[in-house]
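One structure is given here, and the rest of the page talks about it.
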Amino acid sequence: MNISVSYEHINLLLILLGLAVIIHFLVLRTTRKRTLYFSNYALLERILGRKVLHQNYPALALRMIIIILLILAISDFKLVLDLDVASFDYVIAVDTSPSMSMNFRNITAITMDFLDSMPKETRVGLVTFSKESYIQSTLTQDYSRIKRGIFNLTVGVPPGTAIGKGLLTSSNVLDESLKLNRTIILITDGNIEEELAAGLNKSLDSIRAKNISVFVMGINNTEYSSDYELPSRLRTEDVNGSVSVYGPVLDEETLMLIANQTNGQYYEITDKNSMEDAFKSIILLQRQEIMLDARSYVLVLLALLIFIEWGLGATKFKTLP
């Protein structure tokens, strides 16, 4: 953990600390003179069982800490936390719309390789979506279960790319996570149909409220389409005999928006290597800096120490007369 603090008020801090020390010893000196007026001063100390006049260094130290915290509270004081990947929980959200068929084999293989690089402390869930979204697995450390789920995935009909539903379902899976960092890995090659786009803003609002990041992989790969034999279920034929194929139409602008609004990142996937690099980039987050505004915590501690300092004034640190 690192500490980030602005030095804007450093001069004020030094002045206040110096004044605190000077005032403390001036008060001690004045008090010492007053005690000379007590003719039974030695008797008073024997009755109380302690010195009436002492240097009171603990109170001085406490007041100096209070001054330091006060300056920190009005400064840009932040805590920078280094989190490793074990502090993350992931949900992999995979688009299973028909257009994903031509690249699906490579996507599932690389995704399973990604799981092999994860530490065992990290939990992973699996969600699929096309026109609807489905939970294939809740968060688990049993990666073999996730691999089986990925291996058994198939593209489906009817066509559709309900990214909003997929994100909302994924965020609901992450609700059971108590970790500070929760991440959705969204894998899709399509765009959002107008009738399915209405829920996207609602999904993004929910994700931001839960501090969930979304890393988006936009599959923009036609490398295998020329020699890929499209299954018959992915073709439709109208009454005139014309055939329609469910091909990908990547909406990169929307996918970038999703990543940017959730503190994630967008990756354009054009081949197997770029997808492997994207997963490696996500794994590199095993040392990630999270910056927290610590001023509210400082104010709470400051209030607590002020009450303690008042309490010390009513104990043996109280100076007589």
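FYI, it's all coordinate maths here, none of it is from the lab. These numbers come from a predicted model, not from an experiment. Quick reminder, even Gly has a Cβ in these numbers, built from the backbone with ideal geometry, and neighbours come from all protein chains shown.
Computed extension gain for Thr154 through Glu268, at 0.36 nm per residue and net of the alpha carbon distance, reaches 38.8 nm. Applying the criteria of a DSSP loop state and at most 11 other Cβ atoms within 10 Å to the chymotrypsin sites (Phe, Trp or Tyr not before Pro) of segment 100-139 yields no site.
From the cross-link list Lys210/Lys272; Lys147/Lys202; Lys147/Lys272, which pairs have alpha carbons spaced over 25 Å apart?
Values: Lys210/Lys272 32 Å; Lys147/Lys202 30 Å; Lys147/Lys272 18 Å.
Pairs exceeding 25 Å: Lys210/Lys272; Lys147/Lys202.
Which of rounded, prolate or oblate describes segment 116-176 when judged by the alpha-carbon gyration tensor and an a/c cut-off of 1.5?
Numbers: a/c = 2.97, a/b = 1.54, b/c = 1.93.
Taking the square roots of the gyration eigenvalues as a ≥ b ≥ c, segment 116-176 is oblate.
Distance between the modelled labels on Ile283 and Ile135, one decimal in nanometres: 2.9 nm (7 Å Cα→Cβ projection).
What FRET efficiency comes out for Leu17 versus Val300 if R0 is 22 angstrom and r is the Cβ-Cβ distance? Round to the nearest 0.05. Can you show the working numbers first?
Details: r = 22 Å, r/R0 = 1.00.
Given R0 = 22 Å and the Cβ-Cβ separation, E is 0.50.
Summing +1 for each Lys or Arg and -1 for each Asp or Glu among the other residues whose beta-carbon sits under 15 angstrom from that of Asn260 gives -4. Around Val91, with a cut-off of 13 angstrom between Cβ atoms, what is the net charge of the other residues, counting Lys and Arg +1 and Asp and Glu -1? Charge balance near Val91 sits at +1. Each residue of segment 206-212 is assigned a 3J(HN,Hα), and the resulting list reads 5, 5, 5, 5, 8, 6, 9 Hz, derived from the Karplus form 6.51 cos²θ - 1.76 cosθ + 1.60 (θ = phi - 60°), x at Gly and Pro.
If I take R0 = 51 Å and measure r between the Cβ atoms of Ser117 and Phe25 in this structure, what FRET efficiency does the formula 1/(1 + (r/R0)^6) give, to the nearest 0.05?
Details: r = 61 Å, r/R0 = 1.20.
After rounding, the FRET efficiency stands at 0.25.
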